[in-house]
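Chemist: The structure that follows is given in the form of structure tokens.
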Amino acid sequence: MSPPQYLTTREVADLLRVKERKVYDLAAAGEIPHRRITGKLLFPNAEIVAWIEGDAGGGDRPRPAVLAGSHDPLLDWAARESDGGLAMLLDGSADGLERFAAGEAALAGLHIPDDEGWNIAALSARGVRGCVLIGWASRSQGLILGDGLEGARLSDLRGRRVALRQEGAGARALFDRILAAEGMSTADFVAASGLARTESEAAAAVASSEADAAFGLAAMARQYRLGFTPLAEERFDLLIDRRSYFTEPVQRLLAFAATPAFAEKAAALSGYDVGGLGAVRWLSP
């Protein structure tokens with residue numbers, strides 16, 4: 001009989017030969033891999049074994065020079081301009097966090113909203129280890145609007161075609177939260193054909209008249225000369241493996257982010273504040 005994929009708190013306590021209270025304390029401190037599902041703690045069996053053996057979060061295997069996670073136009077540009085050889089696998093914050101936890105990426109761009117702020121709760125719940133979260137930028141998110149909708153609010157979009165982001169994207173999570181606060185949901189819109197998997201795709205769908213509106217960045221609205229209604233200021237952070245932090249691809253990216261050319265690009269993009277760039281926001285156990 002194969003072992004269960006997830007362990008209960010009692011099963012983990014028995015495995016570690018500690019009291020259940022200790023397991024709860026370890027989870028609260030983010031020191032043990034875990035998930036919180038509908039308020040209940042569950043512990044991935046394979047990750048618990050790796051954690052016990054000192055191999056959580058990728059162990060001694062070198063991580064590939066891959067930037068995963070959410071698409072950010074400024075980060076995308078900087079990664080290419082820094083010429084450090086970073087490959088990019090950008091399919092949303094949730095996907096990036098999973099790739100990072102599996103050791104498939106050296107760093108991941110994240111903007112996952114929670115009740116307290118951004119990203120830290122998701123990282124604590126995921127139980128990632130051996131990494132640091134540093135600030136990249138604050139960004140203005142809101143409604144990207146097509147012709148005739150300048151100045152429109154959420155309620156004005158009922159029945160309109162809206163380009164939606166994929167589940168697991170930070171922008172989708174934030175949009176769902178904003179809609180819920182307004183007593184709305186995506187069911188109030190007509191979903192445009194296909195999902196916009198990047199910030200560029202969301203704005204391009206509006207610019208090409210495939211959608212009347214989309215939720216996205218002020219920077220993208222400006223690039224495509226579209227209307228924009230701001231709805232939120234969000235944090236976009238970089239989760240970096242501690243050992244990968246000192247590799248050439250990551251160092252070249254961070255060094256380029258300190259140049260005048262980077263500062264000029266950030267200023268030219270609408271809705272960016274890079275005042276907190278490089279600040280340590282969270283350290284894993």
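Chemist: Kindly evaluate A169 against the criterion of being closer than 21 Å to E150 by Cα and crowded, with 21+ Cβ neighbours inside 10 Å.
Modeler: Spelling it out, it is not the case that A169 is closer than 21 Å to E150 by Cα and crowded, with 21+ Cβ neighbours inside 10 Å.
Chemist: On the given criteria, is A106 of a type in the set (A, V, I, L, M, F, W, C), modelled with pLDDT under 95 and over 24 Å from G271 (Cβ atoms)?
Modeler: no
Chemist: For the range 1-69, please list each of the strands (runs of 3 or more DSSP E) lying entirely inside it that holds at least 1 residues being in contact with a Phe, Trp or Tyr (Cβ under 7 Å, 6 or more places away or on another chain) and either within 20 Å of A108 (Cβ to Cβ) or modelled with pLDDT of 85 or more (or both).
Modeler: 40-44, 66-69
Chemist: Return yes when A180 is within 21 Å of the chain's Cα centre (by Cα) and closer than 30 Å to S284 by Cα and no when it is not.
Modeler: The answer is no for A180.
Chemist: Restricting attention to the range 182-190, does a residue exist that is touching a residue at least 24 places away in the same chain (Cβ under 8 Å), surrounded by 16 or more Cβ atoms within 10 Å (Cβ to Cβ) and polar (S, T, N, Q)?
Modeler: no
Chemist: Just wondering, is there one or more residues in the range 104-111 that are more than 16 Å from the chain's Cα centre (by Cα) and part of a loop (DSSP other than H, G, I, E, B)?
Modeler: There is no residue in the range 104-111 that is more than 16 Å from the chain's Cα centre (by Cα) and part of a loop (DSSP other than H, G, I, E, B).
Chemist: Would you pick out the residues in the range 255-285 that are closer than 20 Å to E81 by Cα, assigned to a loop (DSSP other than H, G, I, E, B) and under 19 Å from the mean Cα position of the chain (by Cα)?
Modeler: V274, L277, G278 - these are the residues of the range 255-285 that are closer than 20 Å to E81 by Cα, assigned to a loop (DSSP other than H, G, I, E, B) and under 19 Å from the mean Cα position of the chain (by Cα).
Chemist: Which residues, counting only those in the range 112-142, are charged (D, E, K, R) and free of Cβ contacts under 8 Å to residues at least 40 places away in the same chain?
Modeler: Listed by number, the residues that qualify are D114, D115, E116.
Chemist: Same structure again: Which count do you get for residues in the range 258-285 that are surrounded by fewer than 18 Cβ atoms within 10 Å (Cβ to Cβ) and β-branched (V, I, T)?
Modeler: Total meeting the criteria: 2.
Chemist: Restricting the search to the range 245-254, which residues are loosely packed, with under 13 Cβ neighbours inside 10 Å and either hydroxyl-bearing (S, T, Y) or under 13 Å from L86 (Cβ atoms) (or both)?
Modeler: Within the range 245-254, E248 is the sole residue that qualifies.
Chemist: In the range 175-227, what count of residues is obtained for those that are outside any helix (DSSP H, G or I) and either among the basic types (K, R) or not assigned by TED's automatic domain parsing to the domain that holds V162 (or both)?
Modeler: The total comes to 2.
Chemist: Restricting to the range 62-103, and then to whatever is in contact with a strand residue (DSSP E or B) (Cβ under 6 Å, 6 or more places away or on another chain) and free of Cβ contacts under 8 Å to residues at least 24 places away in the same chain, can you tell me which residue is surrounded by the fewest Cβ atoms within 10 Å (Cβ to Cβ)?
Modeler: My answer is A87.
Chemist: Something else: Among (1) at pLDDT 95 or above; (2) surrounded by 22 or more Cβ atoms within 10 Å (Cβ to Cβ), there is one condition G127 misses while meeting the rest; what is its number?
Modeler: (1)
The values are calculated or read from the model by the stated rules, or taken from the named source; none is laboratory data. Bear in mind the structure is a predicted one, so any value in this text is a computation, not a measurement. All Cβ positions, glycine included, derive from the backbone under ideal geometry; neighbour counts span all protein chains shown.
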